[in-house]
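Before any comments, here is the structure.
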Amino acid sequence: MADRVRVRGVTIHRPIIYGNTATVLTPAERETSHYQDHTHRWTVAVRSAPSAPDSDIVGGADDLGYFIKRVTFKLHDTYPNPTRNIDKPPFEVSETGWGEFEIQIRITYVAESGEKATTLYHHLKLHPWSIAFSLPNASAVPPEPEIPSPENAAKLGPVHSWQYDEIVFTDPFQNFLTLLTTHPPTPLPKTSVNKKPIPFHSCNPASLEASLKGGVPEFTSAMEKDEADRLEEAKGKIIKEQEKWRGILIEREKELERLQKLLASKE
Ligand code: SLL
């Protein structure tokens, strides 16, 4: 079967995002909820990275159902039926709750891909981002960020926590490669079309300010360049530090040698 032939030397990828959006329940919603202790409504999802035009949803411009067969979200054991299998787009789960926890996300590909499933982890984020753990000079063990009251958190608007990633297929089967190439992904916009904020990431503390102003964040290709620039800058800083400390070490070794000689001459 020619279809089951692997196309050697080819890699093809699909950009995705995974993460969650959370909002504080209004007092009325809390009253009518089955669970009086639930404070937030949240949605965890796997989506295509670009956002649809004029959409209030982070990502999701493309339907990923042509190559993803199932997404399994493993919720905290405090939830009924914590293993949620989603077999068609949108690949997402919405719930209410009171606490943050780690969600295991398992992506299974369509059978003809012959690809193994991918497992990702996402920390469900309910509380607003805080600068406490993103300051570059913060102490090694950062303080726990304060959790604002529901009233104050509600004023800050929805919380977004999304991670960009690329699913890479190496040496794909010919039929799967054809399937992928007949569904080209919508390209990411170069920069945000509607001046949407870039999604906050703790590796980029500068993005906090924009994310606190609210609005639905959007992934752009400029983010990739910005991240590469930040990495370059950090590399430069590390090289400078290394040179500084190497200089200090050489000085100290010279001093040690001098003192050892002095000591030997006194013996
Ligand atoms: C914590 N490690 O202690 C976390 C656990 C669990 C969250 C959080 C809903 C449970 C229900 C819910 O929010 N669980 O169905 O009532 O913070």
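The values are calculated or read from the model by the stated rules, or taken from the named source; none is laboratory data. The structure presented is a predicted model; accordingly, all values stated were derived computationally and were not measured. Methodologically, a virtual Cβ is constructed for each residue, glycine included, from the backbone with ideal geometry; neighbour enumeration extends over all protein chains shown. Please note that ligands, DNA and RNA were not included when accessible areas were found on the heavy atoms of the full protein model with its side chains. Shrake-Rupley method; radii C 1.70, N 1.55, O 1.52, S 1.80 Å.
Within the set of pairs 6 or more residues apart or between chains, which connect a residue that is free of Cβ contacts under 8 Å to residues at least 24 places away in the same chain and closer than 29 Å to D62 by Cβ inside region 75-95 to a residue that is of a type outside the set (K, R) and within 11 Å of the ligand (Cβ to nearest atom) with Cβ atoms less than 6 Å apart?
From region 75-95, the pairs are P82/L75.
Any chance you could count how many residues in region 86-103 are open to solvent by 50 Å² or more (accessible area, probe 1.4 Å) and closer than 17 Å to H122 by Cβ?
Going through region 86-103 one residue at a time, the tally reaches 5.
Residues that are over 30 Å from T181 (Cβ atoms), open to solvent by 30 Å² or more (accessible area, probe 1.4 Å), within 16 Å of the ligand (Cβ to nearest atom) and of a type outside the set (S, T, N, Q): does region 46-66 have at least one?
No, every residue in region 46-66 fails to be over 30 Å from T181 (Cβ atoms), open to solvent by 30 Å² or more (accessible area, probe 1.4 Å), within 16 Å of the ligand (Cβ to nearest atom) and of a type outside the set (S, T, N, Q).
With (1) free of Cβ contacts under 8 Å to residues at least 40 places away in the same chain; (2) open to solvent by 30 Å² or more (accessible area, probe 1.4 Å); (3) aromatic (F, W, Y) as the list, and W129 as the residue in question, which single condition is left unmet?
Here W129 meets the rest and fails (1).
For (1) closer than 23 Å to K125 by Cβ; (2) of a type in the set (V, I, T), each residue gets a yes or a no:
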site	(1), (2)
V5	no, yes
V10	no, yes
R47	yes, no
D54	no, no
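Residue pairs, Cβ under 6 Å, 6 or more apart or interchain, first in region 34-48 and within 20 Å of S161 (Cα to Cα), second buried (at least 21 other Cβ atoms within 10 Å of the Cβ) and polar (S, T, N, Q). List them.
As it stands, the answer is W42/N20; T43/T21; V44/N20, since those pairs meet every condition given.
Just the residues that are aromatic (F, W, Y) and closer than 30 Å to L188 by Cα, please, taken from region 224-258. Before you say what the answer is, go through the steps one by one.
Filtering region 224-258 down to residues aromatic (F, W, Y) leaves 245.
Answer for region 224-258, where residues must be aromatic (F, W, Y) and closer than 30 Å to L188 by Cα: there is none.
Can you pull out the residues in region 27-45 that are among the β-branched types (V, I, T) and open to solvent by less than 70 Å² (accessible area, probe 1.4 Å)? Walk me through it before giving the result.
Filtering region 27-45 for residues among the β-branched types (V, I, T) gives 32, 39, 43-44.
Correct list: T39, T43, V44.
Hey, could you check region 75-89 for residues that are under 19 Å from I17 (Cβ atoms) and charged (D, E, K, R) and say which is nearest to the ligand (Cβ to nearest atom)?
R84
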